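So the structure is just underneath, and the comments pick up after that.
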Amino acid sequence: MFPRDVLSTGPLILRPPVEADVDEMVRMCSDPVTARFMPLLPDPYEPQHALEYVKNAPAKWADGGAEYAITLDGRFAGAVGVRPPDEWGVARLGYLVAPWARGRDVAATAARAVTDWLFDQGVRRVELEAEVENVASLRVAYKAGFREEGVRREARRLRDGRFADFVLFARLRGEPAAGAEPYLPFFEGGELGDGVVRLTPVEPADAGDYHRMMNEPSVAAFSLGHATSLEDDERRCRYTRYWWASGQRIELTIRDAASGAFAGHVQLAQVAPPLGQAMIGYSLLPAFRGRGFMTRAVTLLTGWAFANTPLHRIVAGTDVANTASQAVLRRAGFVREGVHRELFPKPDGTRGDDVQWALLRDARDRRGWLRLR
């Protein structure tokens, strides 16, 4: 059984919940964002539910777990719960942050403090999970020093009946736990634009447009891998924010700035921090070709990358027959570096050559292309 210690960390005080927290707890648990990512919470969440939680908290401590209310500058700001450690000394951590306390590192600070406290109590390993679409929770895990260990596919059912994938994180007692700065930070303002095109993060709602584009014959002709279903592409679009938060890749829609219409897709993938290198890839719907959209999109993304990440090289590979893509890269400043012979498999069993291109970080001022929105 854990001692009912009060924990102090920075501006936060963590203490057992009390009845005076009920009103604020109801407000927190009635928030749409909270409800979206906490499907087991009652809906609607009523005062009696919060009061029941407060009254049951001592029993959870008695059973070997812990329940903390987080206060920020004296005001209720969230909650942290710990499941009792199992026979191998592994505890499971969960947290909630009230809407009025978000954006102030409350959850990351509290999660780190509670985890350190658990290690002091003899716990060997602390785990937490975050849904792949729960960007805020993913970022909490990274900031609190947890290491990503894998994805649990279709681990839990959501309110809409769909099963969702969850990312598993853990910290071990005694290992360094410095919170890592993101290798690929999110866009300040949420998107990039130059008045003609907008680059916005891919969302699940974009799956239909993305699927339609990838099945367009002129796009499919230069795509690698097998054809995907709409369901496959919906699943892919649910992963894009997780890939970005974890530093694996950036997936963006290209939109007509005037109409907001989906025009195409551009990505930074195959991110290799030891090399300072990533690969750019892109596709554009036929209706938007010939208007400079792709050159603008590539220039916007590469300019942002060199200004905001440690990347030194951005590379691209094009089928030798894809002269339109090669023209985009030339206009965006890429230099041809060589050819990988017979790299790309073709549907007829033959293989096509891959023309390699690279753009290096240099002293040119690219900021004129960027306008953060």
- Residue by residue through the range 53-84, note down the ones that are among the aliphatic types (A, V, I, L, M) and out of contact with any strand residue (DSSP E or B) (no Cβ under 7 Å at 6 or more places or on another chain). Val54, Ala59, Ala62
- Do you know which residues across the range 44-86 are part of a loop (DSSP other than H, G, I, E, B), farther than 22 Å from Leu14 by Cα and out of contact with any helix residue (DSSP H, G or I) (no Cβ under 6 Å at 6 or more places or on another chain)? Pro44, Glu46, Asp86
- Note on the structure: When every residue in the range 90-109 that is open to solvent by less than 20 Å² (accessible area, probe 1.4 Å) and either in a loop (DSSP other than H, G, I, E, B) or small (Gly, Ala, Ser) (or both) is compared, the one nearest to Glu24 (Cα to Cα) is Ala98
- Restricted to the range 28-53 and to residues being charged (D, E, K, R) and over 18 Å from Ala101 (Cβ atoms), the residue modelled with the lowest pLDDT is Asp43
- Filter the range 37-59 for residues that are touching a residue at least 40 places away in the same chain (Cβ under 8 Å) and open to solvent by 20 Å² or more (accessible area, probe 1.4 Å); which is farthest from the chain's Cα centre (by Cα)? Pro58
- Query: Given (1) closer than 20 Å to Arg336 by Cβ; (2) charged (D, E, K, R); (3) surrounded by 21 or more Cβ atoms within 10 Å (Cβ to Cβ), where does Arg296 come up short, assuming only one miss?
  - Reply: (1)
- Only residues that are of a type in the set (A, V, I, L, M) and touching a Leu at 6+ places or on another chain (Cβ under 6 Å): list them for the range 264-277, please. Val266
- Message: Return the residues of the range 310-324 that are buried (at least 21 other Cβ atoms within 10 Å of the Cβ) and either in a helix (DSSP H, G or I) or hydroxyl-bearing (Ser, Thr, Tyr) (or both); say none if nothing qualifies.
- Response: Thr318
- Note on the structure: Taking the range 110-163 and keeping residues part of a loop (DSSP other than H, G, I, E, B) and without any contact (Cβ under 8 Å) to a residue 24 or more places away in the chain leaves Asp160, Gly161, Arg162
- Among what's in the range 164-184 and is modelled with pLDDT of 95 or more and in a loop (DSSP other than H, G, I, E, B), pick the residue that is farthest from the chain's Cα centre (by Cα). Arg173
- Note on the structure: Counting only residues in the range 325-353 that are open to solvent by 80 Å² or more (accessible area, probe 1.4 Å) and assigned to a loop (DSSP other than H, G, I, E, B), the one nearest to Val219 (Cα to Cα) is identified as Pro347
- Task: Of the numbered conditions (1) closer than 23 Å to Phe169 by Cβ; (2) surrounded by fewer than 16 Cβ atoms within 10 Å (Cβ to Cβ); (3) in contact with a Lys or Arg (Cβ under 7 Å, 6 or more places away or on another chain), Gly10 fails exactly one; give the number of that condition.
- Result: (3)
- Yes/no for Ala358 being at pLDDT 90 or above, open to solvent by less than 70 Å² (accessible area, probe 1.4 Å) and either at positive phi or outside any strand (DSSP E or B) (or both): no
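The values are calculated or read from the model by the stated rules, or taken from the named source; none is laboratory data. Owing to the predicted nature of the structure, the values given are computational and were not obtained by experimental measurement. Here Cβ is always computed from backbone atoms with ideal geometry, including for glycine, and neighbour counts include all displayed protein chains. All accessible areas refer to the heavy atoms of the entire protein, side chains included, with ligands and DNA or RNA removed. Shrake-Rupley method; radii C 1.70, N 1.55, O 1.52, S 1.80 Å.
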